[in-house]
Amino acid sequence: MKKSGFAILLLSQLFSGQTVQTVGYQKIPDVFDTAENLYPFIKPSENLSYWKAFTNHSDPEKAVLYESQYPEPMTILEPVPEKGFFQKCVGENCFHYIIACKNDRPEYFADEKDLRKFIGEVDNIAEAVLIANTHGFLIDINHFEGGSFKKDEQNFYLKTFKTKKCPDVKESFLITIKRKNGQIKQQSNGIYTVKKTCE
C-alpha cells in the first residue's frame, strides 16, 4: 500500500513538472524557422542610417535578403566577405552577412558574434530566434518541444533543438536569453524525436 502511494505521488510530480514547463509557452511562428525571414524584425543596437542583409550570391539582386528603409535610395558597393554567419556550405549562397552605413562609412557584420552585437538588446521573438541561431539552436515548427517560447520583462525563454545524424535525433533545449544583452543559458530537455534508419 505504501509503495503504491509513493508511485502515485511520483507520477503526479512528474506530470505536474511537465505542466509547469509548458505553461505560458506559445508556438514560434512557422516563418521564423528560416533566418532570411527574421531580418526585417531587427532593431539595430546603434542608430544606423542604412543597412542591408546579404547572402553571398553572384547575382547582386538575389544577394539582398533585406534592405532597411531610407528616405533616399542608397547603394552599397562593397566586396563580398570571404565568410559570414550561418555558414551552411562552401561556395555560392552559403552564408549571410550585413553591411551597415555608419557615419557615412560601411561597416561589416560578418560572423555570429558580430550579428549578436548588431542586434544588441533583444526586442522581439524574431531577434531572440536569431540569437539562438547564432549559438547553433534550430526551430522545429512541427513540435512544441523544439519550437515554442514565452517572455517576461527580463528574458525570452525558447524551446529549441539541436540535431545529430544517423540515426536522426532531435534534442530539445530550453534556452534563456537576457533581453538586455542577448546572453544565453541552456538546459537540455532530452531527446524528443528519433528516426532509427540511416540513409
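The values are calculated or read from the model by the stated rules, or taken from the named source; none is laboratory data. Please read these numbers as outputs of a predicted model, since none were measured by experiment. Virtual Cβ from ideal backbone geometry, glycine too; neighbours counted across all protein chains shown. With ligands, DNA and RNA removed, areas are computed over all heavy atoms of the protein, side chains included. Shrake-Rupley method; radii C 1.70, N 1.55, O 1.52, S 1.80 Å.
So, in the stretch 17-31, of the ones that are open to solvent by 60 Å² or more (accessible area, probe 1.4 Å), in a helix (DSSP H, G or I) and over 30 Å from Leu65 (Cα atoms), which residue ends up modelled with the highest pLDDT?
Gln21
State all residues of the stretch 42-63 that are free of Cβ contacts under 8 Å to residues at least 40 places away in the same chain and farther than 25 Å from Lys88 by Cβ; if no residue qualifies, say none.
Result: Asn47, single match.
Of all residues in the stretch 59-116, count the ones that are hydrophobic (A, V, I, L, M, F, W, C), under 23 Å from the mean Cα position of the chain (by Cα) and modelled with pLDDT under 90.
Selection size over the stretch 59-116: 2.
Condition test on Lys180, is it closer than 28 Å to Phe109 by Cα, surrounded by fewer than 13 Cβ atoms within 10 Å (Cβ to Cβ), touching a residue at least 40 places away in the same chain (Cβ under 8 Å) and out of contact with any Cys (no Cβ under 9 Å at 6 or more places or on another chain)? Before you say what the answer is, go through the steps one by one.
Working: closer than 28 Å to Phe109 by Cα: yes; surrounded by fewer than 13 Cβ atoms within 10 Å (Cβ to Cβ): yes; touching a residue at least 40 places away in the same chain (Cβ under 8 Å): yes; out of contact with any Cys (no Cβ under 9 Å at 6 or more places or on another chain): yes.
Against the criterion (closer than 28 Å to Phe109 by Cα, surrounded by fewer than 13 Cβ atoms within 10 Å (Cβ to Cβ), touching a residue at least 40 places away in the same chain (Cβ under 8 Å) and out of contact with any Cys (no Cβ under 9 Å at 6 or more places or on another chain)), Lys180 qualifies.
Applying the selection to the stretch 99-155, what residues are in a loop (DSSP other than H, G, I, E, B) and polar (S, T, N, Q)?
Passing the criteria: Asn103, Asn124, Asn142, Gln154.
Among the residues of the stretch 107-118, write down those that are out of contact with any Phe, Trp or Tyr (no Cβ under 6 Å at 6 or more places or on another chain) and surrounded by fewer than 22 Cβ atoms within 10 Å (Cβ to Cβ).
Once the filter is applied, which keeps residues that are out of contact with any Phe, Trp or Tyr (no Cβ under 6 Å at 6 or more places or on another chain) and surrounded by fewer than 22 Cβ atoms within 10 Å (Cβ to Cβ), the stretch 107-118 yields Glu107, Tyr108, Lys113, Asp114, Lys117.
Name the residue, out of Gln187, Gln87, that is more than 28 Å from Ala53 (Cα to Cα) and either in a strand (DSSP E or B) or without any contact (Cβ under 8 Å) to a residue 12 or more places away in the chain (or both).
Gln187
Criterion first (among the aromatic types (Phe, Trp, Tyr), open to solvent by less than 70 Å² (accessible area, probe 1.4 Å) and either closer than 18 Å to Asp33 by Cβ or in contact with a Gly (Cβ under 6 Å, 6 or more places away or on another chain) (or both)) does Phe137 satisfy it?
yes
Answer yes if at least one residue in the stretch 1-13 is out of contact with any strand residue (DSSP E or B) (no Cβ under 9 Å at 6 or more places or on another chain), of a type outside the set (A, V, I, L, M, F, W, C), loosely packed, with under 15 Cβ neighbours inside 10 Å and modelled with pLDDT of 85 or more, and no otherwise.
no
Could you tell me which of the residues Leu158, Leu174 is surrounded by fewer than 19 Cβ atoms within 10 Å (Cβ to Cβ), within 13 Å of the chain's Cα centre (by Cα) and of a type outside the set (S, T, N, Q)? Talk me through it step by step, then tell me what you get.
Details: Leu158 fails: surrounded by fewer than 19 Cβ atoms within 10 Å (Cβ to Cβ).
Sole residue among the options that is surrounded by fewer than 19 Cβ atoms within 10 Å (Cβ to Cβ), within 13 Å of the chain's Cα centre (by Cα) and of a type outside the set (S, T, N, Q): Leu174.
Considering the stretch 32-71 alone, what residues qualify as being open to solvent by less than 20 Å² (accessible area, probe 1.4 Å) and under 25 Å from Asn142 (Cα atoms)?
Selection gives Phe32, Ala35, Leu38, Tyr39, Ile42.
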